[in-house]
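Enquirer: I have a structure here, written as structure tokens, and I will follow up with some questions on it.
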Protein chains: 2
Amino acid sequence: MDYVNMESYLKAISDHNRMLILKYLTKDSLCICEFTELLDMTQPAVSQHMRKLKAAELVTEEKRGRWTIWSLNVRHGLYPMLIHLLSLLPEPEITVESLAANGKKVVCE
Amino acid sequence: MDYVNMESYLKAISDHNRMLILKYLTKDSLCICEFTELLDMTQPAVSQHMRKLKAAELVTEEKRGRWTIWSLNVRHGLYPMLIHLLSLLPEPEITVESLAANGKKVVCE
DNA sequence: TGTATAAATAAGCAAACGCTTATATAATGA
DNA sequence: TCATTATATAAGCGTTTGCTTATTTATACA
């Protein structure tokens, strides 16, 4: 890992909304439309954050019908450190469970 | 540590020049004029980087005559993680020892 | 004193960032 | 086939970033 790679990696996680996204992903794989609810953000804004996280190889995507399911990339060399960093952050107020309660949780069969 | 604090902390280290500065500081306390040699950078550029690192409480400064000696803030809660991150980065090509060899090492008595 | 040196600060600038709105693409299902 | 839904992409905009040059402040020393 050289200085430029490390800079790219750290810049990718140096945003409070992307940290929230990563925090959610430690518990669940989620799609863009769920993040728009969880973060109260527009769809393009979430989409652009995911593109940055993907470019840094922090997340992986899997197409399922019309949804794209995003997951943490557990194979990343700095994954353990990321998990530790995220463990220092509080649980978000809006939970994935509350999504389910409102019928907003996406279930791909 | 909330999301905004973590964002500020990560943004402070998300720069390859500041990572280099921090890497040097893991071995030695140094002053601005030494960093200008080590990083081949102008004095104001280094000074502005130190201001950012200080704002994030990553470094401490001590005035000694006309020099300001900068050190890592070992009391920072994320200091152990920082050390780990820096350990993943290669040793810089220009060393503090080479400064001394060229008579550029500052010695405050 | 006056001069040299170390560092901080200010203003300016190009590039990157995080968002917006508008639009395009692709899959679903009536 | 056509409308709906999920996502991606594009263009634009205000803010931030990392540098530059110029200047100021402060200390050391002949």
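The values are calculated or read from the model by the stated rules, or taken from the named source; none is laboratory data. As the structure is a computational prediction, the values presented were derived from the model and not from experiment. Note: ideal-geometry Cβ built from the backbone for every residue, glycine included; neighbour counts use all protein chains shown. For accessibility, only protein heavy atoms count, side chains too; no ligands or nucleic acids. Shrake-Rupley method; radii C 1.70, N 1.55, O 1.52, S 1.80 Å.
Enquirer: Please give the net charge around B:Ala100, taking every other residue with its beta carbon less than 13 angstrom from that of B:Ala100, where Lys and Arg add +1 and Asp and Glu add -1.
Expert: -1
Enquirer: On to the next question. What does the average come to when, for each residue of peptide B:37-46, you count the partner chain Cβ atoms lying within 10 Å of its Cβ?
Expert: 0
Enquirer: For the range A:1-82, with equal point scatterers placed on the C-alpha atoms only and solvent neglected, what are the log10 I(q)/I(0) values from the Debye formula at q = 0.11, 0.12, 0.22 1/Å, to two decimals?
Expert: Each listed q corresponds, in turn, to -0.27, -0.32, -1.05.
Enquirer: Enumerate the calculated ³J(HN,Hα) couplings along the range B:90-103 in order (Karplus 6.51 cos²θ - 1.76 cosθ + 1.60, θ = phi - 60°), each rounded to whole Hz, writing x wherever the residue is Gly or Pro.
Expert: Whole-Hz 3J(HN,Hα) from phi for the range B:90-103: x, 5, x, 5, 7, 9, 5, 4, 5, 4, 4, 4, 8, x.
Enquirer: Put a point 7 Å out from Cα along the line to Cβ at B:Arg64; what are the distances to that point in the other copies, in nm, shortest first?
Expert: Ordered by distance, the counterparts are at 5.9 nm.
Enquirer: Pairs of alpha-carbon atoms within less than 8 angstrom and 6+ residues apart define the contacts here; what relative contact order does chain B have, in percent?
Expert: Result for chain B is 29 percent.
Enquirer: Spin-label point model (7 Å from Cα, Cβ direction): what's the B:His84 to B:Ala100 distance in nm?
Expert: About 3.1 nm separates the two model spin labels.
Enquirer: Also: Which order, highest average first, do A:80-86, B:98-104, A:6-12 follow once you tally other Cβ atoms within 10 Å for each residue and take the mean per peptide?
Expert: A:6-12, A:80-86, B:98-104
Enquirer: How big is the dipole moment of the protein assembly as shown about its Cα centre under a simple scheme where the beta carbon of each Lys and Arg is +1, that of each Asp and Glu is -1, and everything else is neutral? Debye, nearest 20, please.
Expert: 200
Enquirer: Could you report the protein assembly as shown's accessible area per residue, 1.4 Å probe, as an integer in Å²?
Expert: With the other protein chains kept in place, the protein assembly as shown gives 55 Å² per residue.
Enquirer: Summarise the partner chain shielding of A:80-87 as one whole number: the mean count of Cβ atoms from other chains within 10 Å of each residue's Cβ.
Expert: What the average comes to for A:80-87 is 2.
Enquirer: If you don't mind, another one. Taking the Cα atoms of the protein assembly as shown, report the difference between the largest and smallest coordinate on each principal axis, in whole Å and largest first.
Expert: Between the extreme Cα coordinates on each principal axis of the protein assembly as shown lie 71, 28, 26 Å.
Enquirer: Can you list the distances in nanometres, one decimal and ascending, from the A:Pro44 label point to the identical position in each other copy, with the point 7 Å along Cα to Cβ?
Expert: Counterpart label points of A:Pro44 in the remaining copies fall at 3.7 nm.
Enquirer: Net charge near A:Thr36: determine it from the other residues with C-beta under 14 Å of the C-beta of A:Thr36, scoring Lys and Arg +1 and Asp and Glu -1.
Expert: Computed value for this residue: -1.
Enquirer: Can you list, shortest first in nanometers, how far A:Glu91 lies from the same residue in the other copies, with each label 7 Å from Cα toward Cβ?
Expert: Once sorted, the set of distances for A:Glu91 reads 4.7 nm.
Enquirer: Take peptide B:10-22, look around each residue's Cβ out to 10 angstrom, count Cβ atoms belonging to other protein chains, and average those counts.
Expert: 4
Enquirer: Per residue of the protein assembly as shown, what 222 nm ellipticity follows from adding -39500 (n - 2.57) for every DSSP H run with n ≥ 4, rounded to the nearest 500?
Expert: -15000 deg cm²/dmol
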